[in-house]
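Visitor: Dropping a structure here in structure tokens format, bear with me for questions.
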Amino acid sequence: MSALPSVLHIWNLTGGSSLIDRYYKKLYGGTGTVIARKDFDTFGFTRYYGGTAYGGGAATFTLRAVLKSYRYDIVQVHAVDRYVPLMKRVHPLGKPVVLQYHGHDVLGRWEEKRPRWSKADYLTYSTPDMAPGAPESAHYVRDMVDTEFFRPAGVERVSNSAFTFSYNMDDEARAVASKMGLQLTIFKRLSIPMDEMPKVFSSHEFFFDMRKRTGEDEPVKCIGTGAFQALACGCKVVDWEGKVHHEFPPEHSPEKVMDGWVRVYRELAGS
């Protein structure tokens, strides 16, 4: 079997790029790296999960991305779709470029962004609510949960306890918690350090995944990565409809997600 292609990941929303890179190396012996801009890595996901977040402005980062791209077989762009046509211009002989959308970056904007995503050799989106308006060429690729990190932490789980992060649905969350007889704690979003999250999930019986995007009236009608992390820690999840989810879906495990990515990388590289 031929060697796996090397992959450069550009940008790193919530650490997802780093997880792909990490498990590509860990499970398959692949090679690659992740680069991001420090100004847009406010919560340190790149530092925490792996990769390099560079200081400096947009022009400097763009030049660095272009120069680094010559050292890798595939370029995978996350959210910042303006890099897709740029990479196709600087690699006219056809270096494969993957574009992965992650949410608000394309939600309701598929047609507007056609000049960018249409240049990608492989187009993906990571949550099912992004499907409306997507072209037939776009693939739904699930976000990965780091199940080596997100697992029961060995702390006491408090019965009838629940928590959520404040995402414009605090009143709805309180109403559901009251109906279920749960003691609900509402945290400010991103207020808990990442390395504490497995303990927080493991000490609560329920996690409320109830979110509205800023300025919108409708809830986000799909459960997010945080909910899958909670399930991996043995915490039950209450979604936007009040439905309770009990089991972690294996489709979000590193093994399942990376099996799909490796097939894509091999196909794009012709290996």
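The values are calculated or read from the model by the stated rules, or taken from the named source; none is laboratory data. Since we're looking at a predicted model, the values are computed, not measured. A quick note on method: Cβ atoms are made from the backbone with ideal geometry, for glycine too, and the neighbour counts reach across all protein chains shown.
Visitor: Return a yes/no flag: does the range 137-150 have any residue that is among the aliphatic types (A, V, I, L, M) and without any contact (Cβ under 8 Å) to a residue 40 or more places away in the chain.
Guide: Residues of the range 137-150 among the aliphatic types (A, V, I, L, M): 138, 141, 144-145.
So of that shortlist, the ones also without any contact (Cβ under 8 Å) to a residue 40 or more places away in the chain come out as 138.
Scanning the range 137-150, I find at least one residue that is among the aliphatic types (A, V, I, L, M) and without any contact (Cβ under 8 Å) to a residue 40 or more places away in the chain, so the answer is yes.
Visitor: While we're on this one: Which number in (1) in contact with a Gly (Cβ under 9 Å, 6 or more places away or on another chain); (2) within 21 Å of Ala232 (Cβ to Cβ); (3) at pLDDT 95 or above marks the one condition that Phe163 misses?
Guide: Of the numbered conditions (1) in contact with a Gly (Cβ under 9 Å, 6 or more places away or on another chain); (2) within 21 Å of Ala232 (Cβ to Cβ); (3) at pLDDT 95 or above, the odd one out for Phe163 is (1).
Visitor: Moving on. Going through Arg109, Arg116, Arg22 one at a time, which residue ends up being outside any helix (DSSP H, G or I), basic (Lys, Arg) and in the same structural domain as Ala131 (by TED's automatic domain parsing)? Let's see the steps before the verdict.
Guide: Working: Arg116 fails: outside any helix (DSSP H, G or I); Arg22 fails: outside any helix (DSSP H, G or I).
So the residue among Arg109, Arg116, Arg22 that is outside any helix (DSSP H, G or I), basic (Lys, Arg) and in the same structural domain as Ala131 (by TED's automatic domain parsing) is Arg109.
Visitor: Anything in the range 153-192 that is among the hydrophobic types (A, V, I, L, M, F, W, C), assigned to a loop (DSSP other than H, G, I, E, B) and farther than 21 Å from Lys243 by Cβ? List them, or say none.
Guide: Ala153, Val155, Leu190, Ile192
Visitor: Name the residue, out of His9, His104, His78, that is closer than 28 Å to Ile192 by Cβ and out of contact with any helix residue (DSSP H, G or I) (no Cβ under 9 Å at 6 or more places or on another chain). Please lay out each step first, then the result.
Guide: Values: His9 fails: out of contact with any helix residue (DSSP H, G or I) (no Cβ under 9 Å at 6 or more places or on another chain); His78 fails: out of contact with any helix residue (DSSP H, G or I) (no Cβ under 9 Å at 6 or more places or on another chain).
Result of the check over His9, His104, His78: His104.
Visitor: For the condition farther than 30 Å from Tyr28 by Cβ, surrounded by fewer than 19 Cβ atoms within 10 Å (Cβ to Cβ) and either in the same structural domain as Ala162 (by TED's automatic domain parsing) or at pLDDT 95 or above (or both), what is the one hit in Val262, Val176, Val244?
Guide: Numbers: Val262 fails: farther than 30 Å from Tyr28 by Cβ; Val176 fails: surrounded by fewer than 19 Cβ atoms within 10 Å (Cβ to Cβ).
Within the list Val262, Val176, Val244, the selection yields Val244.
Visitor: Same structure again: Checking the structure you have, find out if any residue of the range 82-100 is at pLDDT below 95, buried (at least 18 other Cβ atoms within 10 Å of the Cβ), under 18 Å from the mean Cα position of the chain (by Cα) and not aromatic (Phe, Trp, Tyr).
Guide: So far as the range 82-100 goes, no, none of its residues is at pLDDT below 95, buried (at least 18 other Cβ atoms within 10 Å of the Cβ), under 18 Å from the mean Cα position of the chain (by Cα) and not aromatic (Phe, Trp, Tyr).
Visitor: For Phe228, work out the one condition from (1) of a type outside the set (S, T, N, Q); (2) under 19 Å from the mean Cα position of the chain (by Cα); (3) modelled with pLDDT under 95 it doesn't fulfil.
Guide: Status for Phe228: all satisfied but (3).
Visitor: Now for a different question. Please go through the range 193-251 and pick out each residue that is in contact with a helix residue (DSSP H, G or I) (Cβ under 6 Å, 6 or more places away or on another chain) and in a loop (DSSP other than H, G, I, E, B).
Guide: Asp209, Met210, Lys221, Cys222, Cys233, Cys235, Gly242, Phe248
Visitor: Can you tell me which residue is nearest to Gly270 (Cα to Cα) among those in the range 14-43 that are aliphatic (A, V, I, L, M) and surrounded by fewer than 21 Cβ atoms within 10 Å (Cβ to Cβ)?
Guide: If we take residues in the range 14-43 being aliphatic (A, V, I, L, M) and surrounded by fewer than 21 Cβ atoms within 10 Å (Cβ to Cβ), then Leu27 is nearest to Gly270 (Cα to Cα).
Visitor: Which one of these is closer than 21 Å to Arg82 by Cβ, surrounded by 20 or more Cβ atoms within 10 Å (Cβ to Cβ), of a type outside the set (Phe, Trp, Tyr) and without any contact (Cβ under 8 Å) to a residue 40 or more places away in the chain: Thr62, Thr46?
Guide: Working: Thr62 fails: surrounded by 20 or more Cβ atoms within 10 Å (Cβ to Cβ).
One residue alone meets the criteria, Thr46.
Visitor: Hey, another quick one. When Met210 is evaluated against the numbered criteria (1) crowded, with 19+ Cβ neighbours inside 10 Å; (2) more than 27 Å from Gly44 (Cβ to Cβ), which criterion, by number, is the only one it fails?
Guide: Condition (2) is where Met210 drops out.
Visitor: Shifting gears a bit: May I ask you to say which residue of Ile223, Ile192 is touching a His at 6+ places or on another chain (Cβ under 9 Å), modelled with pLDDT under 95 and either closer than 30 Å to Pro96 by Cα or not assigned by TED's automatic domain parsing to the domain that holds Phe45 (or both)? Outline the logic, then answer.
Guide: Values: Ile192 fails: touching a His at 6+ places or on another chain (Cβ under 9 Å).
Exactly one residue qualifies, and that residue is Ile223.
Visitor: Considering each residue of the range 243-271, count those that are farther than 18 Å from Ser126 by Cβ, in contact (Cβ under 8 Å) with a residue 60 or more places away in the chain and acidic (Asp, Glu), and give that number.
Guide: 0
Visitor: I'm checking my understanding of the structure. Among residues of the range 49-59 that are modelled with pLDDT of 95 or more and part of a helix (DSSP H, G or I), which one is surrounded by the fewest Cβ atoms within 10 Å (Cβ to Cβ)?
Guide: The residue in question is Ala59.
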